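As structure tokens, the structure follows; a few thoughts come after it.
Each reported figure results from applying straightforward, stated rules to the coordinates on display, with no laboratory input. These numbers come from a predicted model, not from an experiment. Cβ sites come from the backbone with ideal geometry, for glycine too, and all protein chains shown count toward neighbours.
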Amino acid sequence: MVKLGWAVTIYIFVSFFLFLMTSFTSLGWIVYGLIILPIYAAILLVWWLMVWQNPTKGVRIRYWIWSIVLVLQVSTILASPGNCYGWTQGANCYSNLQIFLGDVPRSGSSNIPHWKPLENNFPVLALAYGVSLVVALSFIIIKKTDSTTTST
């Protein structure tokens, strides 16, 4: 259980760092700071309390749920703002997906139309990712006997 606790902690820190680096914009950092960071903090607090109470017990992980978490994480990164040149309140930023697939520069101004449906759903995707992570962790079953991590 302790090894899984460290794995979850490392995953959270690496994920948060990845989120911040792929969306090096003020809008991205605001959304990540107000949505993802509190979810991560609550997960770490609850998770380490469980590890502390059950340090030698085994766990059962349902890996199929984690595929949903990873798809939502990648979707959030792609929808996150990648270019917010001249961003003001109420104006859209170009998403990372539009930068990767379109002709939008990584920095600087552009007159290319925004992909508003994708850009407007960025906070929703961030919240959906956070909720899916909580659900995935809640589906981890703590076994009564000492054993290694197994999958189902």
Taking the chain, how many lysine pairs are there with alpha carbons less than 23 Å apart, if each pair must be eight or more places apart or span two chains? 5
In vacuo Debye sum over C-alpha of the chain, base-10 log of normalised intensity I(q)/I(0) at q = 0.09, 0.17, 0.18 Å⁻¹, listed in q order, is -0.35, -0.92, -0.99
Based on DSSP loop calls and a cut-off of at most 13 other Cβ atoms within 10 Å, the longest stretch of the chain free of exposed trypsin sites (Lys or Arg not before Pro) is what? 1-61
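Rank these for me by crowding, T22, T56, T76, going from fewest to most other beta carbons within 10 Å.
By the 10 Å Cβ count, ascending, the order reads T56, T22, T76.
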With x for Gly and Pro, the residue-by-residue ³J(HN,Hα) of region 118-124, computed from phi through the Karplus equation 6.51 cos²θ - 1.76 cosθ + 1.60 at θ = phi - 60° and given in whole Hz, is 6, 5, 6, 8, 4, x, 5
Between L34 and T56, what is the label-to-label distance in nm when each label sits 7 Å out along the Cα-to-Cβ direction? 4.8 nm
Amide hydrogen neighbours beyond the local backbone of S95, cut-off 5 Å, H modeled: G82, W115
Along region 137-143, Karplus-curve 3J(HN,Hα) (6.51, -1.76, 1.60; θ = phi - 60°) to the nearest Hz, with x for Gly and Pro, reads 6, 6, 8, 6, 9, 8, 7
As a footprinting exposure proxy, order V59, V135 by other Cβ within 10 Å, with the fewest listed first. V135, V59
